[in-house]
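Chemist: Structure incoming, see below.
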């Protein structure tokens, strides 16, 4: 028993050190390994005191789970990382809920509050993450689906879950507990269904922190410090990331969760001057003409968005950048903090395509450079370059920090169509006289552009 | 029991502060790996599922525990490997 406690302590220390190292680029890989050793140690420590029952089954379950995790981690493409993280997160939440439920069934009446919290948060994280996975994977519509009654449904589900919880505490037994679990699952669905694709970075962060807290709750239930510490660390760090994401969009958490930005229906809440997509003339350009334009510039800022990820165009984007750099063009990448579908998503994709660190710039670092830049090449991106965020008080995205791509001398927009972004609002940048479009799939468009540039060399 | 609860609450409160302190200044480049790294860490809940299954003879609880271990282990191993893959990308291009 003593040795187990010591091992758990060592595990917790390793996890903390690992997390610390994960927050700096130089030590991050090392940090992940440290955390991994810590987690492995915690699992080993569990076997130290002996396993009275089911040893074979436990090992089999570990094998199946690890095998599935390892296979998934190898098979997943970098562009699909957000849904992978959502899925793994949901599994963790589900595990926490199952542990809490088992403890309840094993000894109803003991430390019920932490059991209920573990079940509630774990189940919300499980069902919520699965919905997020479905949206990111394209199995469900990415649009924000605002149910009639919207907020009332959240409220009603929450109240019903709390009531069922009270019934459990008063001795309602397994039927009460089953009802409580079902309502918790429903709450997770109700929470994520109304949230649009563009808000996914926030949702994934918050679900991650939920699973951490659910694991911490099981630490309370099982009086296990390793679970408690690790779960709490994740809960705290997830909360911090959530705050960062909200700040990057200049919106409050409740606005993200309940605002329904990106709703399909043009409800009265949408309002504002830009809510309807207008049909004004835009200019488009062929690959040849774009190549001519690009072969006569001195500076270029590439602004990549989720559309680049969807089209798997990160490699050809880098090829274009390298080609122009070799000709003496000053090439930079501007990364919006919430571009993509999870925090830092674009950075990972560009790293995969071997784009050097030194060419990547954050919003604050680069915004002043746009007005001194010949061309801003915007790839598969919409709302975070919409100038309405700066001046149109009626716009739903007013106040959101944006990349000032519109200030460049010329703006090239690579886009599939004129459809509005997830916020469902028109973008005045489209109609700016300095803007021209390259319509089509980002990978095809950029490949054609690269070919043209090569042939003119 | 009360003393135990208090100890656990103390650990919880301190861990909250440690969690905030440790990652308060993370560069944007590392947001995704940090997220999937912390994602792996909550896979530690597999420990809870093992304890549940090791200490029960009830068939229903055994089944719940079994599923819990599968889920938790997938979360833990998958999260660690995915994070490792991403961080390898960052490292690879450093010399260039």
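Chemist: Taking the Cα atoms only, what angle lies between the long axis of helix A:28-48 and the longest principal axis of chain A, rounded to 10 degrees?
Modeler: Orientation of helix A:28-48: about 20 degrees from the principal axis.
Chemist: How crowded by other chains is A:353-365, given as the mean number of beta carbons from other chains within 10 Å of each beta carbon?
Modeler: 2
Chemist: Beta carbons within 10 angstrom, averaged per residue: use that to sort the peptides B:34-44, A:133-143, A:15-25, highest first.
Modeler: B:34-44, A:15-25, A:133-143
Chemist: Continuing with this model, one more query. Which of rounded, prolate or oblate describes region A:301-378 when judged by the alpha-carbon gyration tensor and an a/c cut-off of 1.5?
Modeler: oblate
Chemist: Hey, what did region B:27-88 get for relative contact order, percent, Cα under 8 Å, at least 6 apart?
Modeler: After rounding, I find 48 percent.
Chemist: For a quick protection proxy, order the peptides A:35-41, A:55-61 by their average other-Cβ count within 10 Å, most packed first.
Modeler: Final packing ranking: A:35-41, A:55-61.
Chemist: How do the peptides A:205-214, A:191-200 rank, highest first, by the average count of neighbouring beta carbon atoms within 10 Å per residue?
Modeler: Ranked from most to least packed, the peptides come out as A:205-214, A:191-200.
Chemist: What fraction of the DSSP beta bridges in chain A is antiparallel, stated in percent and rounded to the nearest 5?
Modeler: Counting DSSP beta bridges with both partners in chain A, the antiparallel share is about 0 percent.
Chemist: Using the alpha-carbon atoms, what tilt in degrees (0 to 90, nearest 10) does helix A:314-326 show relative to the longest principal axis of chain A?
Modeler: Long axis of A:314-326 versus the principal axis of chain A: about 40 degrees.
Chemist: Would you calculate a helix-derived [θ] at 222 nm for chain A, using -39,500 (n - 2.57) for each DSSP H run of n ≥ 4 and dividing by the full residue count, to the nearest 500?
Modeler: -19000 deg cm²/dmol
Chemist: Quick one: B:70, B:22, fewest Cβ neighbours within 10 Å first, how do they rank?
Modeler: B:22, B:70
Chemist: For chain A, find the longest principal axis of its Cα atoms and tell me its angle to the long axis of helix A:55-75, 0 to 90°, nearest 10.
Modeler: 0 degrees
Chemist: From Cα coordinates alone, what are the radius of gyration and Dmax values for region A:95-237 in angstrom?
Modeler: Expressed in Å, the Cα Rg and Dmax of region A:95-237 come to 15.4, 44.
Chemist: What 222 nm value per residue comes from the helices of chain B, counting each DSSP H run with n ≥ 4 as -39,500 (n - 2.57) and dividing by all residues, nearest 500 deg cm²/dmol?
Modeler: -27000 deg cm²/dmol
Chemist: Which shape class applies to region A:305-445: rounded if a/c is under 1.5, otherwise prolate when a/b exceeds b/c and oblate if not, where a ≥ b ≥ c are the square roots of the Cα gyration tensor eigenvalues?
Modeler: Judged from the Cα gyration tensor, region A:305-445 comes out rounded (a/c under 1.5).
Chemist: In nm, what is the difference between 0.36 nm times the number of residues separating residue A:416 and residue A:9 and their Cα-Cα distance?
Modeler: This chain segment gains 141.2 nm when fully extended.
Chemist: What spacing in nm lies between the two simple spin-label points modelled at residue A:44 and residue A:30, each 7 Å away from Cα in the Cβ direction?
Modeler: A separation of 2.1 nm, rounded to one decimal place.
Chemist: Here is a follow-up. Hey, could you grab the Kirkwood Rh for region B:27-88? Inverse mean 1/r over distinct alpha carbon pairs, Å, one decimal.
Modeler: Final number for the Kirkwood radius of region B:27-88 is 12.5 Å.
Chemist: Let me ask something additional. Say a paramagnetic label sat at a point 7 Å from the Cα of residue A:455, along Cα to Cβ; which residues of region A:280-302 have their backbone N under 13 Å from it?
Modeler: A:287-292
Chemist: Report, in whole Å, the centroid distance computed from the Cα atoms of region B:5-47 and region A:316-381.
Modeler: 31 Å
Chemist: A further question follows. What does the structure give for B:7-14 when I average, per residue, the other chain Cβ atoms found within 10 Å of the residue Cβ?
Modeler: Mean shielding by partner chains, rounded to a whole number: 5.
Chemist: Count, for each residue of A:48-61, the Cβ atoms from other chains sitting within 10 Å of its Cβ, then give me the mean as a whole number.
Modeler: 5
Chemist: Tell me, what is the percent relative contact order of chain A, built from C-alpha pairs under 8 Å that lie six or more residues apart?
Modeler: 14 percent
Chemist: For region A:172-240, what relative contact order do you get, as a whole percent, if you take Cα pairs closer than 8 Å and at least 6 residues apart?
Modeler: 27 percent
Chemist: For the protein assembly as shown, evaluate the Debye formula with one uniform point scatterer on each Cα (no solvent term) and list log10 I(q)/I(0) at q = 0.06, 0.10 Å⁻¹, rounded to two decimals.
Modeler: Debye curve over Cα of the protein assembly as shown, log10 I(q)/I(0) at q = 0.06, 0.10 Å⁻¹: -0.31, -0.80.
Where a number appears in this text, it was derived from the coordinates with a stated rule and is not lab data. These figures come from a predicted structure and were not determined experimentally. With ideal geometry, Cβ positions are generated from the backbone for all residues, glycine too; neighbour counts draw on all protein chains shown.
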